[in-house]
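Report on the structure given below.
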Amino acid sequence: MKSRLKLLGLVTVPALLAAAVPAAYAANAAEPHSTRAAITGDVLKGLNKDATRTGNIAAGKRISVAISLTPRNDKALDTFVAKVSDPRSSSYGHYLTKRQFAARFGRTDAEIKQLKDYLRAQGLTVTAVHSGNLLVDAKGTAAQLQKAFGTKLSTWKDARSGRSFYANDSAPTLPTAIASLVSDVAGLNNRTQLHHQAPSTVTPHNGPGGGYTPAQLKGGYNVSGTYTGSGQNIALIEFDGFQQSNITTYDNNYSLGSPTPTVKKVDGGSGALGDGQVEVELDIEVLHAIAPKANVTVFEGPNSDAGEVDTYQAIVDAGIPTTSISWGAAESARTTSNINAVDAVFKAGAAQGLGFYAASGDDGSDDAGDGGTSVDYPASDPYVTGVGGTKLTVTSSNAWSKEVAWSGGGGGKSSVFKIPSWQTAVQKSAGGGFRQVPDVSAHANPSPGVSIYSQGSWSSVGGTSAAAPEWAAFAALYNQQAKAAGKANLGFANPALYSASSTGFHDITSGSNGAYSAASGWDFTTGWGSYNAATLASKLLG
């Protein structure tokens, strides 16, 4: 399944007190004759085809927005990330600090002030300016937002799901000078909600049997007992909550002694516990299974367009080097500008040495469910490691025996991103010159799945949201070894993983996810395959 997110940064500013508003904005900013420009791509596609307009949004409805700005010297940022992530480059591992990133690629303080002054003049409250000077949060009434962004907000009903939502009827506009800085205004619609890549219902068992144990997962992927993730930090992005009592039961049953996860609520958190609770508890427990001593921080945000951007930004602001992502939506379910906004956060994270591992989806080669081929975002982002699914078999001594592609594992070609340079060596004709997914894979088959304790009972749960934390755990184990060797964190892993080629991977050559079949080397079902932790770490450490 899939879901939506929101980011809050460590570097925030309090809501601004009454201050002088430039007369030009106060008098003229929203007048019809003012020169304005549209934020292209910031409107839902085909709105009138698959939804019915039901009315106007209530003028007094309070809405929060997250306004993304384009980086300064964006091409130079692309070049920097390419070099700092390439093991063959002399710049490899020389990541930027938050302050260095803001100075080189963030918008200037004067540009941020220009945007804030305009928003305040429209009656909006600026609630945060995030590290990097590329994301500004604001809130106000629907009427104020319509005035500020020159668009109308209507209420709609989705034809397929029957779900009610609101959306902007046209692309938002801003005064030309400000519009030239802005790439997205998240929060003007709440149609798409991200879904978690694990079943919302699971089959309880009387005990922890029925799913793979920590010993089986670590044995299957050759994780040495020497490396436990001690001293390492992993982030989880979540749009639902969890109960610590379930985590404690799991840890105690397997004698893991894991640190208690820390919770960071973004934009007020996700609200009451829902069917995504199993997702959150699965993510935490898989990390504890493979990297039991790593410190896990759960970033919990509202499942909304603006919430997604804010929550990812909060992780980047925190500087946590490894993030596991088990929530997403088909590329076609998002606006172009929303994808660009989230992509910009990932790119900023890559420049600062942060790695993101995202589940590729549980709907095989048809992520959108429309009978064609499509992929899930953010697994398809060029600055994210997309993780597909396999069915792992281990021996009686918990060693790797065999692995096949899981039929539900997401994979295929992006319809948004061109193929990145580090992937061209394995470019397939079926890819059509676009980004290919997944990059790697791990155990996701639900029968047997992984043993978890959630909502008061033991369950066997599968899905690529088990595979994503399995890979994030490996990254933490690698970073522990790299630190001991005096080397840099893995950071954005794809260039290094593709440079490693087949070394350190279990090459999976059988199984299908619908339109694609596994084959020798990289393929659309499992990428390079799953990891042999000891061999792959040795290869990456050089």
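Scan segment 262-307 for residues that are under 25 Å from Q232 (Cβ atoms) and among the charged types (D, E, K, R) and jot them down.
K264, K265, E279, E281, D283, E285, K293, E300
Against the condition surrounded by fewer than 24 Cβ atoms within 10 Å (Cβ to Cβ) and either closer than 30 Å to N133 by Cβ or at pLDDT 95 or above (or both), how does S401 come out, does it pass?
Answer is yes for this residue.
List the helices (runs of 4 or more DSSP H) that sit entirely inside segment 25-126 and contain at least 1 residues that are under 25 Å from W422 (Cα atoms).
Because the criterion is at least 1 residues that are under 25 Å from W422 (Cα atoms), the helices (runs of 4 or more DSSP H) in segment 25-126 that meet it are 74-84, 98-105.
Please verify whether segment 83-96 includes one or more residues that are buried (at least 17 other Cβ atoms within 10 Å of the Cβ), modelled with pLDDT of 95 or more and of a type in the set (F, W, Y).
Within segment 83-96, one or more residues are buried (at least 17 other Cβ atoms within 10 Å of the Cβ), modelled with pLDDT of 95 or more and of a type in the set (F, W, Y).
Residue by residue through segment 207-261, note down the ones that are under 17 Å from A473 (Cα atoms), within 22 Å of the chain's Cα centre (by Cα) and of a type outside the set (A, V, I, L, M).
G229, Q232, N233, E238, P261, listed by residue number.
Is it the case that segment 152-160 has a residue that's under 30 Å from Y498 (Cβ atoms), in a strand (DSSP E or B) and of a type in the set (D, E)?
no
Just to be sure, is D275 in contact with a Ser or Thr (Cβ under 8 Å, 6 or more places away or on another chain), outside any helix (DSSP H, G or I) and modelled with pLDDT under 95?
yes
Could you please give the count of residues in segment 513-542 that are crowded, with 18+ Cβ neighbours inside 10 Å and within 19 Å of D366 (Cα to Cα)?
The qualifying residues number 9.
Report yes if L392 is modelled with pLDDT of 95 or more, buried (at least 24 other Cβ atoms within 10 Å of the Cβ) and more than 18 Å from the chain's Cα centre (by Cα), otherwise no.
yes
When residues of segment 127-168 are filtered for being under 20 Å from I39 (Cβ atoms), surrounded by fewer than 22 Cβ atoms within 10 Å (Cβ to Cβ) and free of Cβ contacts under 8 Å to residues at least 24 places away in the same chain, how many remain?
Residues meeting the conditions: 1.
Listed residues S230, S224, S180, S245; which is at pLDDT below 95, surrounded by fewer than 23 Cβ atoms within 10 Å (Cβ to Cβ) and of a type in the set (G, A, S)?
From the options S230, S224, S180, S245, the qualifying one is S224.
Which condition breaks for G307 when tested against (1) within 28 Å of F165 (Cβ to Cβ); (2) touching a strand residue (DSSP E or B) at 6+ places or on another chain (Cβ under 6 Å); (3) modelled with pLDDT of 95 or more?
(2)
Name the one entry in A425, A379 that is modelled with pLDDT of 95 or more, aliphatic (A, V, I, L, M), in contact with a Ser or Thr (Cβ under 6 Å, 6 or more places away or on another chain) and not in a strand (DSSP E or B).
Unique residue meeting the criteria: A379.
Of everything in segment 402-420, what is in a strand (DSSP E or B) and under 21 Å from G220 (Cβ atoms)? Give them in sequence order.
K402, E403, V404, A405
Give segment 124-148 a look and list any residue that's under 24 Å from G55 (Cα atoms), in contact with a Gly (Cβ under 9 Å, 6 or more places away or on another chain) and not aliphatic (A, V, I, L, M), or say none.
Within segment 124-148, K139, G140, T141, Q144, K147 meet the criteria.
Name the residues in segment 425-467 that are farther than 19 Å from T213 by Cβ, buried (at least 24 other Cβ atoms within 10 Å of the Cβ) and not charged (D, E, K, R), would you?
Q436, V437, P438, V440, S441, T464
The values are calculated or read from the model by the stated rules, or taken from the named source; none is laboratory data. Keep in mind the model is a prediction, meaning the values are calculated, not measured. Every residue, glycine as well, gets a Cβ built from its backbone with ideal geometry; the counts of neighbours run over all protein chains shown.
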